[in-house]
1. Using +1 at the C-beta of Lys and Arg and -1 at the C-beta of Asp and Glu, which of SER64, CYS231, LEU109 has the Cα lying farthest in the positive direction of the dipole of the chain?
2. If I fit a long axis through the Cα atoms of helix 27-61 and take the longest principal axis of the Cα atoms of the chain, what angle between them do I get, 0 to 90°, rounded to 10?
3. Given region 259-339, what whole percent of its Cα pairs are spread farther than 19 Å?
4. Binned at 10 Å from 0, what are the whole-percent values of the Cα-Cα distance distribution for the chain, short to long?
5. Quick one: grab the alpha carbon gyration tensor of region 323-422, order the square roots of its eigenvalues as a ≥ b ≥ c, and give me rounded if a/c is under 1.5, else prolate or oblate depending on whether a/b is larger than b/c.
6. HN-Hα J couplings of region 275-282 from phi, Karplus 6.51/-1.76/1.60, θ = phi - 60°, integer Hz, Gly and Pro as x?
7. Under the 0.36 nm per residue contour assumption, what length would be gained going from the current alpha-carbon distance of GLN449 and ILE416 to full extension?
8. What does the extension gain come out to for HIS426 and VAL314, with contour length at 0.36 nm per residue minus their alpha carbon separation?
Amino acid sequence: MQGHTPQGNAANEIDIAATIDSAAISALQWRVFALTLAASIFDGFDTMVMSFLAPAITQEWGASHAAFGLVFSATLLGAAIGAATLGLLADRAGRKKLVMVAILWFGLLTIACAFATGITSLVLLRFVAGLGLGGAIPNMLALAAEYAPARRRSTIVSIITWGTPLGAVLGGLIAPNVLMLADWRAMLLVAGIAPVLLVPLLWIGLPESVRFLALKDSNDPRLLVILRRICPFLRVSADTRFVLTERRVGRATIGALFRDGLAAGTILLSAAMFTSLLLSFMLVNWTPTLLERAGIPLSDAILGTIVLNLSGIVGSLGISRVVDGRLRGSTVLAISYLFAVAAILSAGTATLLEGVPLPVLMATLGASGFFLIGSQITLSAYITAFFPTALRGTGIGFNNAVARCGSLFGPALGGILLSAGINPAHILFAGIIPGLFSAVALGILAFIQTRGRADTRTHLIKNRGLA
């Protein structure tokens with residue numbers, strides 16, 4: 001970037017997106033990515049903490065699996081509402097403020113959950129905590145995406161999205177030790193205090209989105225400060241304006257997501273995430289119980305959840321690198337979900353057969369996590385680039401809200417099927433249906449995008465012929 005200033009449409013304009021895309025990734029950007037990843041980990045930790053405490057709580061209170069499924073679903077219902085509302089607010093008030101409010105909110109409410117006295121009060125508290133859990137995600141992803149260069153955006157945002165599986169892995173490692181030393185209430189205190197302590201670090205170290213600032217006021221003095229930290233050799237004059245050369249929209253609303261060519265993508269991406277989260281949250285929340293019902297010792301059953309999540313992290317890194325390359329992201333993701341279906345089918349078969357070695361079972365779970373959770377994480381990153389800056393928080397929030405409804409039904413469905421005595425293998429076999437639905441939705445989007453580009457090329461060729 002040395003000695004070069006990305007220009008806009010006029011000599012005194014600097015294109016913010018071009019500046020970020022052409023510069024090396026700066027220390028400021030790495031700090032944004034690190035802080036949003038830390039926030040994402042705590043969000044994932046607090047979202048998944050109940051899956052590790054379910055056996056202890058149900059035993060103490062004498063609750064059924066179906067009843068405790070309401071605790072999972074209440075969290076995810078609150079998260080769906082929080083994602084839609086706080087994502088919309090972020091496009092009006094800013095990313096940084098909403099990230100901090102959401103994290104402080106779910107941290108304090110997780111602490112409050114430690115003082116629940118029964119399933120009813122726990123369901124209510126987890127619902128309210130879910131408002132913050134859901135609201136943090138779209139704003140963290142939007143902030144990271146708006147500081148990431150286009151050439152690495154899917155990979156970087158995918159890494160930020162690792163927070164959910166990393167948080168689950170962290171919970172799986174900490175929970176057994178805390179439960180040995182104390183009880184489930186102590187684990188909730190740990191899960192709540194940690195994000196509260198993160199908020200001051202976010203206040204000090206996290207800048208507001210540079211793209212959001214430019215949309216609000218192209219003369220905001222913070223723009224020059226931030227961009228010079230990203231590109232120290234940026235040349236400016238007294239009359240320099242910072243601009244975003246992208247589609248402009250009016251006031252951020254849900255309705256704007258269904259206009260100006262965004263409708264098909266909004267619907268298909270939301271549908272794909274809905275079925276993907278339905279399947280993955282059912283598996284992640286109930287895998288220990290499913291494996292235990294299949295005759296696997298509890299310690300190995302918990303290991304299955306860790307393998308599932310860690311494999312998802314590895315998978316997202318590989319899949320997102322392909323998406324950041326020249327191949328169309330929607331096509332790559334559609335194919336990846338088909339591989340996820342095959343892996344889940346293999347995992348169900350492994351639990352059904354007697355005498356299958358534990359490493360073989362774990363390998364099938366690892367493949368399931370690699371393609372299912374890996375595709376889901378990459379899809380989240382892909383969605384951040386689909387919406388323009390003015391609608392990014394709204395678009396991500398809407399998609400998360402729809403997707404969280406899938407994550408709401410997944411754990412409840414798993415609890416109902418387990419309580420009905422359905423064989424764990426058959427529950428896994430049923431998982432191929434939502435997996436196939438995600439693949440089909442993304443395949444349709446890939447077809448629409450290919451046809452749209454072909455129409456554009458044809459139009460350009462005709463215009464050249466008339467010139």
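Bear in mind these aren't lab numbers, they're just calculated from the coordinates by the rules spelled out. Keep in mind it's a predicted model, so treat the numbers as computed, not measured. Note that each Cβ is placed from the backbone with ideal geometry, even for glycine, and that neighbours are counted across all protein chains shown.
1. So the residue furthest toward the plus end is CYS231.
2. The angle comes out near 20 degrees.
3. Values: 1740 of 3240 pairs.
Every Cα pair in region 259-339 considered, those over 19 Å come to 54 percent.
4. The distribution over the chain is 4, 21, 30, 25, 13, 5, 2, 0, given as percents.
5. Oblate, because a/c is 1.5 or more while a/b does not exceed b/c.
6. Working through the residues one at a time gives 6, 5, 5, 4, 6, 5, 6, 5 Hz.
7. Fully extending the segment from GLN449 to ILE416 adds 8.0 nm.
8. Result for the pair: 37.6 nm of gain on full extension.
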